[in-house]
Amino acid sequence: MAAKLRSESLSPGPDEVIIRMYRIGLGDCFLIAVGAEKKPKYVLIDCGIHRLQANGGDRMLKVSQHAVETVKSHFDVVVATHQHADHLSGFVQKESPFLSDAVKIDQLWLAWTENPRSPQARELRRKHGTARAVVRKAAEELRKATKNVEFAGPSAQLAIRALSKRVDNLENGFEVPAKEIVDDKQVKFISQKIDELLKSHPEKKAQSWTDSEFASQGYGISLSEGEQKPSANEVALELLAMKAREVHYCNPGDLLEIPDVPANLIHAWVLGPPRDELRLKKDKPSKIRGEEAFKEVYLSSSVQSSALARSPALNSSGEMGSVSRPFDNVAESTPLKPFESNEAGMNVVLADDDPATDLLSQLYFDPAAEWRRIDADWLRGIEPLALDLDSDTNNTSLVLAFELGSLGKGKVLLFPGDAQVGNWLSWRDQKYEFENVEISADDLLKRTTLYKCGHHGSHNATVKRDPGDAIEHPEGAPFGLELMNDIITMIPVHRKSSDKARGWDMPYKKLYEKIREKSFNRVLRSDLSMEPLEEASLPDIVPKSEAFERIPGMPSRFEWRKSEETFEDDKSPLYFDVKIRVNKSEQEP
């Protein structure tokens, strides 16, 4: 009975669209229901939780089970925006309903960057794989350094340990799900399950990347025992590809239709990720007058990252760039000699009777000379590289603008994944045209009525201006959020799971204030918190009833509600629903 009630609770009427935000915490899971002619059609966008979310495993499992029961195990479309655990871990979690053969998927939408037969995508994945290997190796060396820091003075010891902790968070961060949610045994089990599916459905190889030709080069998972260890994110995508009848690798400018749904009811424009690597490389805001200056970074374009990749201590092939090695091979391969404290408390080199060498050692390891030593300084390069890697993955997010009603006329639902600056700015370079109708990115943004805030409200995942177009304004042309007005914003953020000490300030205060201004405080969050604003601020406006009610300040065809069901840990609503009755006329008030 419960499953029937849940299914009925997301049954839009004719010409209606319901957007459900599962309030999972620090993670994305959205379900769009479309009132088609015969029966509702369902589009699932991501399903994952961050490893730092409190009670994340329990919350994720409740959400995934609820979503599957709601659609009676049949998704018309599943969208996987990018390879981060807070977007994909729910698909491969222990006891996940998606592991059941009962779950059916008609279409899987992925970004072109996941296409194993795209040379450009393969090159991006090669660089990504090299960077991951370098980060893992450097992290191992850094962890060893924290266990053998006797040679360093007090300040150096603290610095090394602090750096190791930050790198550990970055190394895992958004890439790796929590062990209690998805572990190595689970990943291996699912890989074997996929292997079994391939044997019974060999035609699936044509649409997935399990062929040894690709797996051996690091473009996905290898189903046979070997050196490559698949990530949980790769396994999640492979599992979805195996379940789907069709897999679409989406390119910017594509127009996508939901199966058996009229295009004049709802369709989706693909805005990103861009094909231009210069755009992909850009993850942070450009320098704008009066603002902080941010550099463009992207793996091999970062000098510090390239230097780290070529460090002799990593025994790396240095495939990330063309920087020459500065030292002779003999110098690179000469190991440091062991040392220990002498009677005077100074560390001296052992197994060497040369007094000069002994004296040099005493001078080098003298605590007063700590500021001279650079032994572990090369490891500092791991931090920007790990950040580059995380930003690179975010910038490959599949970005969709769902247009309601006629082409070029209707309201827009914007789902940017975690796209960062380069992805956003590329939208203006792309034409969106179909059957003699041409639309600009600016126009789509001006008609946006619902915005899924990117990357949990971080500072560099919602653009406000295009600094490359400064003809009318020195800070750049209004773009992104500046073009949106009178919107509803959904932010999958949980303040207690965001940590400023890790460099995460989500939601970013200035952005949050601007979003509240553009949304007239109609902001739906996962945590019902006012942070980072003061409690004295006017609260966000959220649904108060389990029945649909008119959204304050919006036309009568806009309604919302909260769920009657709650999470067990905090007794907060399981989801928020926003319902929009599509106006198919030429004008969309």
Could you rank the peptides 240-249, 468-477 by their average count of other C-beta atoms within 10 Å per residue, with the highest value first? 240-249, 468-477
Leaving ligands, DNA and RNA out of it, rank Asp392, Asp101 by accessible area with a 1.4 Å probe, largest first. Asp101, Asp392
GluC sites (Glu not before Pro) lying in DSSP loop within the stretch 1-100, provided at most 13 other Cβ fall within 10 Å: Glu37, Glu95
Could you calculate, for the stretch 6-95, the ratio of the Cα radius of gyration to the Kirkwood radius, expressed as Rg to Rh? 0.99
Using a 1.4 Å probe on heavy atoms of the protein chains only, the accessible area for His459 in Å², nearest 10, reads 80 Å²
The alpha-carbon center of the stretch 452-529 and that of the stretch 20-68 are separated, in whole Å, by 22 Å
Once you compute Rg and the Kirkwood Rh from C-alpha atoms, what is the Rg to Rh ratio for the stretch 43-134? 1.03
Would you mind pulling out the separation of the Cα centroids of the stretch 407-449 and the stretch 235-250, in Å? 25 Å
Exposure rank, largest accessible area first [Asp15, Asp106, Asp58; 1.4 Å]: Asp58, Asp15, Asp106
Counting Lys and Arg as +1 and Asp and Glu as -1, what is the net charge of the other residues whose Cβ lies under 9 Å from the Cβ of Ile181? +1
Around Ala536, what is the net charge, scoring Lys/Arg as +1 and Asp/Glu as -1 over all other residues with Cβ under 15 Å from its Cβ? -3
Using alpha-carbon positions, the gyration tensor of the stretch 460-534 gives root eigenvalues a ≥ b ≥ c; with a/c under 1.5 called rounded, otherwise prolate if a/b exceeds b/c, else oblate, the class is oblate
Please work out the FRET efficiency for the pair Ser572 and Ile471, using the Cβ-Cβ distance as r and a Förster radius of 60 Å; give the result to the nearest 0.05. 0.80
By the scheme Lys and Arg +1, Asp and Glu -1, what is the net charge of all other residues having a beta-carbon under 10 Å from that of Leu450? +3
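The values are calculated or read from the model by the stated rules, or taken from the named source; none is laboratory data. Because the structure is a prediction, the values reported are computed rather than measured. For neighbour counting, all protein chains shown are included, and Cβ atoms are generated from backbone atoms with ideal geometry for every residue, glycine included. Accessible surface areas use protein heavy atoms only, side chains included; no ligands, DNA or RNA. Shrake-Rupley method; radii C 1.70, N 1.55, O 1.52, S 1.80 Å.
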